1. Over segment 42-84, what is the relative contact order in percent, taking alpha-carbon pairs closer than 8 angstrom and at least six residues apart?
2. Residue by residue through segment 20-25, which ³J(HN,Hα) values in whole Hz follow from phi under the Karplus form 6.51 cos²θ - 1.76 cosθ + 1.60 (θ = phi - 60°), with glycine and proline marked x?
3. Evaluate the Kirkwood expression for the hydrodynamic radius of segment 12-80, namely the inverse of the mean inverse distance over all pairs of different C-alpha atoms, and round to one decimal in Å.
4. Shape of segment 42-84 from its Cα gyration tensor (a ≥ b ≥ c, root eigenvalues): rounded if a/c is under 1.5, otherwise prolate when a/b > b/c, or oblate?
5. Counting other Cβ atoms within 10 Å, which chymotrypsin sites (Phe, Trp or Tyr not before Pro) in segment 1-50 have at most 12 and lie in a DSSP loop?
6. Summing -39500 (n - 2.57) over the DSSP H runs of n ≥ 4 in the chain and dividing by its residue number, what mean residue ellipticity at 222 nm do you reach, to the nearest 500 deg cm²/dmol?
Amino acid sequence: MPEWTALGKVLIGIGMGIVVLGALLIAVDRIPGLGSVFGWLGKLPGDLSLNRDNVSFYFPIATSLLLSIVLSLLFYIVRWFFHR
């Protein structure tokens, strides 16, 4: 069952990546001055924010597109690096 071993390694890698990302987000919040660096994220032109009496709706369209482009480029570079 080597295919299950590879899947297990991928899932462990994804989990470790999520833990590292969570630790970075906590560190950014606690270190003075770093919180303002990412303050623009989620407030780009094109992000929808509707507030009514008892209802609030937020849909970050522009932020989602930007993150999609950045992550696609990052994964492309990583794939290119490992498949040379």
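1. It comes to 30 percent, rounded to a whole number.
2. So the J values, rounded to whole Hz, are 5, 4, x, 5, 5, 5.
3. When all Cα pairs of segment 12-80 are included, the Kirkwood radius is 14.6 Å.
4. Verdict is prolate for segment 42-84.
5. Taking segment 1-50 and a limit of 12 other Cβ atoms within 10 Å, the loop chymotrypsin sites (Phe, Trp or Tyr not before Pro) found are PHE38, TRP40.
6. -21500 deg cm²/dmol
Every read-out reported here was derived from the displayed coordinates using simple, explicitly stated rules and does not represent laboratory data. Just so it is clear, the structure is predicted and the values come from calculations on it, not from any experiment. Virtual Cβ from ideal backbone geometry, glycine too; neighbours counted across all protein chains shown.
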